[in-house]
Amino acid sequence: MSESEDETLVTQDMIDRQGVWGGERTSPPIAESDIRKWAIATYWPEKPPAIYWDAEYAAGTKHGGIIAPSDFNPFAWPVDRPTRPAAANTGQGGRGRTGLNGGQTDTYGVPMRADDVIRSRSRLKEWNERQGRMGLMLYTFTETEWTNQNDEMVRTRISTGIRY
Amino acid sequence: MTANLFFEDMNVGDEIPNWSRKTGFMNWNRYAAVNDEFVPFHMDDEAGRAAKNEQGAFGMGNLRYAYIVNALRDWIGDEAEIREVGCQYRAINQKNDVLTVVGKVTEKKVENGENLVMLETNVTNQDGDATCPGHAIVVLPSKT
């Protein structure tokens, strides 16, 4: 690889998209069984807390009913399947095509509940590059907002993507 | 309904109870099923090795994040709120790893009428390696 090839992994597309909201999606209505299954999966093999599956118990809490775990994803299983670049699926590819999940910071508003419909939008917030063990590494920070059908903030996420 | 914790009882340096899971395909496949996360290197040893992990398939970062959320929820109970959780994925979750969520109170304050408790968090493996440094903010009820 020549030095000129190693100068940057930033693309013109990234520059064009910086700060521009897009990727708008609307979830199907959340089902109580979606919440229960999510809690069972993430607590496996232990029993999840009753707040996620027992309506009678949950009615007596400050929440007044079953809520979803904070990390619940209402966008799982879309009918129209998103296409992913091959590199994102295998962890392999050419220069700059190996992608890793670097982490995230989520700020939570109101909890998600059964029958909620969640809207999402996201934008590329910023990026930086640095030399790492795998050569030039690009860190991208994407902001994603979730709101419910009452326009209440559900979650704001800043996710870190790493490419090299 | 009674609260697990009250803001007045929190002190800087307090630790949250450890929350552990031994992880492998039984956990990962269930998570893949609910999160629709059927990425080959989480499902198949050959694909994991192709992704440069010699030990084969490895666990999802998102599931490690869920473990942090669960540890916080179990600690604070149902009369409190999780306001913020952040983490960095620094090491791979290998098959049969025993992951433990740990956390310590770093600050407490009242802001905009809310009783906020800040924590530093991590997810360690059975060797004591810190795999997922991060932070969290929870909102606790008051006794008054």
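Just a few scattered comments:
- Summed over segment B:50-76, the residues that are at the interface with chain A (Cβ under 9 Å from one of its Cβ atoms), over 14 Å from the mean Cα position of the chain (by Cα) and not aliphatic (A, V, I, L, M) give a count of 2.
- Qualifying residue in segment B:80-97 (condition: more than 7 Å from chain A (Cβ to nearest Cβ) and under 20 Å from A:Thr107 (Cβ atoms)): yes
- Within segment A:38-76, considering residues that are under 23 Å from the mean Cα position of the chain (by Cα) and aromatic (Phe, Trp, Tyr), the one nearest to B:Ala71 (Cα to Cα): A:Tyr43
Residue-by-condition table, conditions (1) in contact with a Phe, Trp or Tyr (Cβ under 9 Å, 6 or more places away or on another chain); (2) at pLDDT below 95; (3) part of a helix (DSSP H, G or I); (4) surrounded by fewer than 21 Cβ atoms within 10 Å (Cβ to Cβ):
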site: B:Glu8; (1), (2), (3), (4): no, no, yes, yes
site: B:Gly13; (1), (2), (3), (4): no, no, no, yes
site: B:Met26; (1), (2), (3), (4): yes, no, yes, yes
site: B:Ala33; (1), (2), (3), (4): no, no, yes, yes
site: B:Ala47; (1), (2), (3), (4): yes, no, yes, yes
site: B:Gln55; (1), (2), (3), (4): no, no, no, yes
site: B:Leu63; (1), (2), (3), (4): yes, no, yes, no
site: B:Ala66; (1), (2), (3), (4): yes, no, yes, no
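- Some residue of segment B:5-21 being of a type outside the set (Asp, Glu) and at the interface with chain A (Cβ under 9 Å from one of its Cβ atoms): yes
- Any hit, segment A:23-43, residues being in a loop (DSSP other than H, G, I, E, B), modelled with pLDDT of 95 or more and surrounded by 15 or more Cβ atoms within 10 Å (Cβ to Cβ): yes
- The criterion of being touching a residue at least 24 places away in the same chain (Cβ under 8 Å) and either farther than 30 Å from B:Lys143 by Cα or at the interface with chain A (Cβ under 7 Å from one of its Cβ atoms) (or both) holds for B:Gly24.
- Exactly one residue out of B:Ala130, B:Ala51, B:Ala32 is more than 30 Å from A:His63 (Cα to Cα) and in contact with a helix residue (DSSP H, G or I) (Cβ under 9 Å, 6 or more places away or on another chain), and it is B:Ala51.
- Test for A:Val79: is it farther than 25 Å from B:Asp74 by Cα, among the aliphatic types (A, V, I, L, M), in a loop (DSSP other than H, G, I, E, B) and assigned by TED's automatic domain parsing to the domain that holds A:Asp106: no
- Residue within segment B:98-121 that is surrounded by fewer than 15 Cβ atoms within 10 Å (Cβ to Cβ), within 12 Å of chain A (Cβ to nearest Cβ) and either modelled with pLDDT under 95 or over 16 Å from A:Thr42 (Cα atoms) (or both) present: no
- For segment A:90-149, filtering for residues that are in a loop (DSSP other than H, G, I, E, B) and within 12 Å of chain B (Cβ to nearest Cβ) leaves 9.
The values are calculated or read from the model by the stated rules, or taken from the named source; none is laboratory data. This structure is a prediction, so every number in the text was calculated from the model and none was measured. Every residue, glycine among them, receives a Cβ derived from its backbone with ideal geometry; neighbour counts consider all protein chains shown.
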